[in-house]
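Take a look at the structure set out below.
What follows is calculated from the coordinates using simple rules that are stated; it is not laboratory data. Quantities reported herein were computed from a predicted structural model and do not represent experimental measurements. Cβ placement follows ideal geometry from the backbone for every residue including glycine, while neighbour counts extend to all protein chains displayed.
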Amino acid sequence: MDPSNQNLNPALLKSPKAALRASTNQLQRLILISRLYHPHAHSLSVLSSAVVHVSNTIIRNAALRNHSIQAPSLEKRHQRRSSNEEAHWHFYFLVCLAACQDLGACFPVCEPIGKGLLAMAMRDGSMTAAEANKLMRALEAPKQDAPPSKDESGTFGSWVLDFDLEATKPGDGHIRNLAAQFEELSMHNEFTEGGDFVLE
């Protein structure tokens, strides 16, 4: 059994949410193990589906934690727990982004995945635009040394990256739309601060 799932009551593992949580925990660990002990595993395109599923769950859970309202009596305990969860989700999100970077180096069609994931995290309030832009520059750094390749985002930009958005607004969860949204969110944040317009 996965160590992160050992504290779960066996009866609770029968619920769909618990099964999803256990599966996500296992996938997170498998992605990390593959990066640590099998450095050439990034050349397997099958890893991209695990990265996308784990990233979707991580971003959704972080957004839910950010938007949940706690009773004052639970606030102190929640702050301690939330700082641990913040570090946990952030670590695994960075692992997923690094996997996206490796996949993009082997398969150019996977390059926009990282940008789309950063757009999702920014849009949902899980990450600031400054941090997302910094990570985007890190993702694009290896591409600057590589010879230019033809843009295949038009051909392969119809992959679904944001499952929740795709379920409610078909077409909006595709990679190409999320990559464009990254640029919009970054520009919007340049002119606003904390949701307020900044006038100089």
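Determine Rg/Rh for region 83-128; Rg is computed over alpha-carbon atoms and Rh is the Kirkwood hydrodynamic estimate from the same atoms.
1.04
Given a Förster distance of 35 Å, report the FRET efficiency between K17 and S158 from their Cβ-Cβ distance, rounded to the nearest 0.05.
0.70
With each pseudo-label sitting 7 Å past Cα toward Cβ, what's the Q26-A87 distance in nm, one decimal?
In this crude label model, Q26 to A87 measures out at 2.8 nm.
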